[in-house]
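Chemist: What follows is a single structure, and I will ask about it in a moment.
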Amino acid sequence: MSATIIDGKAYAAGLRGRVAGAVADLSRDGVVPGLAVVLAGSDPASQIYVRNKARQTVEVGMESFEHLLPATASEAEVLALVARLNADPAVDGILVQLPLPAQIDSQKVIEAIDPGKDVDGFHPINAGRLMTGVPGFVSCTPLGCLLLIRSVRPDLAGLDAVVIGRSNIVGKPMAQLLLGQSCTVTVAHSRTRDLEAVCRRADILVAAVGRPDMVRGDWIKPGAIVIDVGINRVPNPQAGEGKTRVVGDVAFAEAAAVAGAITPVPGGVGPMTIACLLRNTLQAACQRRGLPMPALDAA
Ligand code: GUN
């Protein structure tokens with residue numbers, strides 16, 4: 001194995017520590033940033049994620065507001081809750097956990113969130129700001145990926161970047177961020193022809209497809225930076241019947257033998273998402289009060 005292993009867990013802990021320091025500074029002026037999380041239904045993965053968010057929000061000194069709605073909640077109920085949170089001065093950031101139950105139009109809910117409190121960066125206003133290079137909120141997972149990439153290579157100008165996946169949550173904002181760093185960006189997806197050859201050109205390869213071990217070692221350009229966004233649960237019979245383990249979208253051992261730097265799963269991109277959410281909530285709290293955003297990202 002030759003690649004540098006990018007320790008997202010350690011980076012995220014450091015970022016949370018810097019956020020906590022900035023929150024402590026704000027508290028001297030009586031400012032306590034608040035993050036509201038809305039969860040409708042009882043999807044187990046979402047429940048775990050929301051619980052972790054609430055714990056880490058409190059750990060950095062922010063206030064956490066949790067709104068748990070039943071899976072039968074109507075669209076009107078969710079929209080009414082979002083309207084209340086938009087108007088609540090104690091709430092700086094609003095996150096509505098996706099996916100929402102089928103009877104609720106997610107896009108309508110996202111567009112109802114005040115763009116100044118949209119710490120997920122999913123509102124079209126913030127997506128548009130990212131696209132046009134105007135400051136705004138950037139989706140947490142791609143922001144975390146960019147921080148990890150720049151932790152091993154601060155200047156990305158001119159590099160060939162390939163993003164596999166075109167979702168609004170990861171693939172598209174990731175491509176915009178890399179373009180903003182002057183990379184030459186290719187967005188690959190399920191209809192891309194000769195994906196392997198496309199990947200082999202990448203100095204930076206970001207895999208966000210949700211297919212276990214899809215990217216093989218011989219798809220990787222020697223020395224490339226490989227970022228694995230996948231969180232896939234697969235059977236793990238060695239640990240016992242019915243047991244599972246989490247793997248990424250990249251066949252790690254094969255890829256690590258070729259890459260220059262690579263994120264592991266777990267412990268790579270995953271911990272960065274909540275750390276970046278807290279960073280965005282701090283940004284929202286400062287912006288709403290006309291305060292400068294403290295410098296946090298220099299690693
Ligand atoms: N579901 C999976 N990831 C995310 C995320 O980053 N934000 C929200 N709101 N829902 C998600």
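The values are calculated or read from the model by the stated rules, or taken from the named source; none is laboratory data. All values reported here derive from a predicted model rather than from experimental measurement. FYI the Cβ positions are ideal-geometry reconstructions off the backbone, even for glycines, and counts take in every protein chain you see.
Chemist: Kindly provide the set of residues from the range 23-37 that are among the aliphatic types (A, V, I, L, M), farther than 13 Å from ALA90 by Cα and out of contact with any Lys or Arg (no Cβ under 9 Å at 6 or more places or on another chain), ordered by number.
Modeler: VAL23, ALA24
Chemist: Please specify each residue of the range 99-116 satisfying the condition of being touching a residue at least 40 places away in the same chain (Cβ under 8 Å) and surrounded by fewer than 16 Cβ atoms within 10 Å (Cβ to Cβ).
Modeler: Passing the criteria: only PRO99.
Chemist: Looking at the range 127-154, which of its residues are touching a residue at least 24 places away in the same chain (Cβ under 8 Å), assigned to a loop (DSSP other than H, G, I, E, B) and more than 16 Å from the ligand (Cβ to nearest atom)?
Modeler: Selection gives GLY133, ARG153.
Chemist: Looking at VAL119, VAL91, which is the one that is more than 13 Å from the ligand (Cβ to nearest atom), part of a loop (DSSP other than H, G, I, E, B) and in contact (Cβ under 8 Å) with a residue 12 or more places away in the chain?
Modeler: Sole residue among the options that is more than 13 Å from the ligand (Cβ to nearest atom), part of a loop (DSSP other than H, G, I, E, B) and in contact (Cβ under 8 Å) with a residue 12 or more places away in the chain: VAL91.
Chemist: Of all residues in the range 155-165, count the ones that are away from the ligand (no atom under 16 Å from the Cβ) and either at pLDDT below 95 or of a type outside the set (A, V, I, L, M, F, W, C) (or both).
Modeler: Result for the range 155-165: 3.
Chemist: Separate question: Would you be able to tell me the number of residues in the range 165-191 that are free of Cβ contacts under 8 Å to residues at least 24 places away in the same chain and surrounded by fewer than 22 Cβ atoms within 10 Å (Cβ to Cβ)?
Modeler: Of the residues in the range 165-191, 4 are free of Cβ contacts under 8 Å to residues at least 24 places away in the same chain and surrounded by fewer than 22 Cβ atoms within 10 Å (Cβ to Cβ).
Chemist: Another question, if that's okay. Within the range 41-73, how many residues turn out to be closer than 23 Å to ARG18 by Cβ and of a type in the set (D, E, K, R)?
Modeler: Of the residues in the range 41-73, 4 are closer than 23 Å to ARG18 by Cβ and of a type in the set (D, E, K, R).
Chemist: Any residue in the range 264-278 that's more than 17 Å from LYS53 (Cβ to Cβ): show its pairings with residues that are within 11 Å of the ligand (Cβ to nearest atom) and not in a helix (DSSP H, G or I) at Cβ separation under 7 Å, as long as the two are six or more apart or on different chains.
Modeler: VAL265/ILE231
Chemist: Within the bounds of the range 64-81, is there any residue that is part of a helix (DSSP H, G or I), touching a residue at least 12 places away in the same chain (Cβ under 8 Å), among the acidic types (Asp, Glu) and within 17 Å of ASN280 (Cα to Cα)?
Modeler: no
Chemist: Hey, another quick one. More than 30 Å from ILE204 (Cα to Cα), surrounded by 15 or more Cβ atoms within 10 Å (Cβ to Cβ) and modelled with pLDDT under 95 - does that describe any residue in the range 12-31?
Modeler: No, the range 12-31 contains no residue that is more than 30 Å from ILE204 (Cα to Cα), surrounded by 15 or more Cβ atoms within 10 Å (Cβ to Cβ) and modelled with pLDDT under 95.
Chemist: When ALA80 is evaluated against the numbered criteria (1) over 30 Å from ALA224 (Cα atoms); (2) touching an Asp or Glu at 6+ places or on another chain (Cβ under 6 Å); (3) of a type outside the set (S, T, N, Q); (4) more than 16 Å from the ligand (Cβ to nearest atom), which criterion, by number, is the only one it fails?
Modeler: Going through (1) over 30 Å from ALA224 (Cα atoms); (2) touching an Asp or Glu at 6+ places or on another chain (Cβ under 6 Å); (3) of a type outside the set (S, T, N, Q); (4) more than 16 Å from the ligand (Cβ to nearest atom) one by one, ALA80 breaks only (2).
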